[in-house]
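Enquirer: Before we start, here is the structure in question, set down as structure tokens.
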Amino acid sequence: MAFKNTITINAEDKTIAQLKRIRGQVDGLIRMYQDERSCVEIAQQITAVRNSLARVSRDVLTGAANRCVNDREQKQLNSILKELLK
């Protein structure tokens, strides 16, 4: 049981770190916009933020779903998550 809690804490730490990194990306995006940087650079940063959010969303949804289901439901859940997170 303690091992599972350690894994959960590490996953939470990873998620918090990812979200803080995204916050930094968004702060950078705001500065770029205020500094009137090129549309191409701003678009690239927006894409980077969206990709980062997609990754953290996938990790959070997968982690939450895995905690809420039993082994029999796992295959069905994986299939559903795969479709949702395309």
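The values are calculated or read from the model by the stated rules, or taken from the named source; none is laboratory data. The structure displayed is predicted, hence computed values, not measured ones. FYI the Cβ positions are ideal-geometry reconstructions off the backbone, even for glycines, and counts take in every protein chain you see.
Enquirer: Within the range 29-82, which residues are part of a helix (DSSP H, G or I), among the acidic types (Asp, Glu) and at pLDDT 80 or above?
Expert: Those that are part of a helix (DSSP H, G or I), among the acidic types (Asp, Glu) and at pLDDT 80 or above: GLU41, ASP59.
Enquirer: Answer yes or no as to whether LEU19 is under 22 Å from ILE80 (Cβ atoms) and aliphatic (A, V, I, L, M).
Expert: Here the answer is no, as LEU19 does not meet what is asked.
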